[in-house]
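The values are calculated or read from the model by the stated rules, or taken from the named source; none is laboratory data. Computed from a prediction, not measured in an experiment: that's the story for all the values here. FYI the Cβ positions are ideal-geometry reconstructions off the backbone, even for glycines, and counts take in every protein chain you see.
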Amino acid sequence: MRNKKPVHILVLKILLHILFFSFLTVVTQIGGLIYLIAVLSTKDKVKRTTLFTILYLFSTFLITPYLAPFFGREKIKETNFLKAHSFFYKLTNRNYVKPKLNKAISQIAADFGNKNNGIRMVYLDANFPFIDKFPLLPHLSHNDGKKIDISLIYENTNKQLTNKKPSISGYGIYEEPTRNEYNQNKICKKQGYWQYDFPKYLTLGTINKNIKFSKKGTRDLIKCILREKSIGKLFIESHLKKRMNIVNQKVRFQGCKAVRHDDHIHLQLK
Ligand SMILES: [Zn+2]
């Protein structure tokens, strides 16, 4: 009996390591590997945590931006008009795109900002820095450097456009269809696609409760996106497409296998 306990503990420890490794890989791509290096380097927990933190920050902010171009991607270049919704996206390496997309979003954001008093284009998940086909979960297609999610535009109580957004994570607060509008969510859910509105659990909380969806602001942003020649497709829910009176072949339905797009816009290169 005496020998059994350590074996159980050892198995549990290995399982925990695998769990941490998988979680960090799924969320940040490089975190799992760095965790592995830290675990193999020292047994002391404090030293291990410190080593992981230093290595992770060093790799994320100083090494990865220089390595990503070898994989055909680069870090999103932020400007006064183009910003991440939160530091999380940069801390987790979810802010990499192909150079062509980097250029396109920079131009779209400047175009939109110049026409709208400096209101920003805010990005959410883009792609990881390395390896084509490596998925950036929970997204199905953000695996090739050609995709990026953008926040909708909102207005304050004076009907002026604002940079504020309603969700802490950037996802999951929906601009729902009215009773008379087409309800894609209902249709997908009825067909058994339970995940279609899953991001409602990923908001991390609601903020800025006094802001409202801006039909005009979001429409202007979409128009700037559609004017950009390198952009091949844009996803937004059809009730919003109709409400904003957008008619353009680039604007498509992403399918019930994905998630709903009335909390953000998805765009991708041709
Ligand atoms: Zn997307």
key: Scope the stretch 218-240; condition within 16 Å of the ligand (Cβ to nearest atom) and either without any contact (Cβ under 8 Å) to a residue 24 or more places away in the chain or over 18 Å from GLY172 (Cβ atoms) (or both); matching residues   = LEU221, ILE222, ILE225, ILE231, GLY232, LYS233, LEU234
inquiry  = For the stretch 180-202, check the following and say yes or no: at least one residue is surrounded by 15 or more Cβ atoms within 10 Å (Cβ to Cβ), farther than 24 Å from ILE105 by Cβ and touching an Asp or Glu at 6+ places or on another chain (Cβ under 6 Å).
reply    = yes
Top-ranked residue of the stretch 251-265 - restricted to ones that are in a loop (DSSP other than H, G, I, E, B) and crowded, with 16+ Cβ neighbours inside 10 Å, ranked as farthest from the chain's Cα centre (by Cα) = CYS256
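Given PHE61, PHE88, PHE71, which one is surrounded by fewer than 20 Cβ atoms within 10 Å (Cβ to Cβ) and under 21 Å from ILE265 (Cβ atoms)? Outline the logic, then answer.
Values: PHE61 fails: under 21 Å from ILE265 (Cβ atoms); PHE71 fails: under 21 Å from ILE265 (Cβ atoms).
Answer to the selection: PHE88.
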task = Scan the stretch 20-58 for residues that are of a type in the set (Val, Ile, Thr), within 19 Å of HIS139 (Cβ to Cβ) and either assigned to a strand (DSSP E or B) or without any contact (Cβ under 8 Å) to a residue 24 or more places away in the chain (or both) and jot them down.
result = THR25
inquiry  = Out of the residues in the stretch 177-195 meeting the condition of being in a helix (DSSP H, G or I) and free of Cβ contacts under 8 Å to residues at least 60 places away in the same chain, tell me which one is nearest to the chain's Cα centre (by Cα).
reply    = TRP194
ask   = Mind checking whether some residue in the stretch 196-215 is under 22 Å from PHE81 (Cβ atoms) and assigned to a helix (DSSP H, G or I)?
value = yes
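Can you pull out every residue in the stretch 142-168 that is more than 18 Å from GLU74 (Cα to Cα) and in a loop (DSSP other than H, G, I, E, B)? I'd like the intermediate steps shown before the answer.
The first filter runs over the stretch 142-168 and keeps only residues more than 18 Å from GLU74 (Cα to Cα), leaving 151-168.
Across the stretch 142-168, the qualifying residues are LEU152, ILE153, ASN156, THR157, ASN158, LYS159, GLN160, ASN163, LYS164, LYS165, PRO166, ILE168.
In the stretch 141-160, which residues are small (Gly, Ala, Ser) and within 11 Å of the ligand (Cβ to nearest atom)?
First, pick out the residues of the stretch 141-160 that are small (Gly, Ala, Ser): 141, 145, 151.
Correct list: SER141 only.
May I ask you to verify whether LYS209 is within 25 Å of ASN158 (Cβ to Cβ) and more than 17 Å from the chain's Cα centre (by Cα)?
Values: within 25 Å of ASN158 (Cβ to Cβ): yes; more than 17 Å from the chain's Cα centre (by Cα): yes.
So LYS209 passes the test.
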inquiry  = If the requirement is being of a type outside the set (D, E, K, R) and out of contact with any Gly (no Cβ under 6 Å at 6 or more places or on another chain), which of these qualifies: LEU137, LEU124, LEU161?
reply    = LEU137
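So that you can scan it fast, the table gives a plain yes or no per residue for (1) over 17 Å from GLN29 (Cβ atoms); (2) modelled with pLDDT of 95 or more; (3) within 13 Å of the ligand (Cβ to nearest atom):
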residue	(1), (2), (3)
LEU124	no, yes, yes
LEU136	no, no, yes
HIS139	no, no, yes
THR162	yes, yes, no
ask   = Which condition breaks for HIS239 when tested against (1) assigned to a helix (DSSP H, G or I); (2) under 29 Å from GLY145 (Cβ atoms)?
value = (2)
task = State whether one or more residues within the stretch 59-72 are in a loop (DSSP other than H, G, I, E, B), in contact (Cβ under 8 Å) with a residue 60 or more places away in the chain and within 16 Å of the ligand (Cβ to nearest atom).
result = no
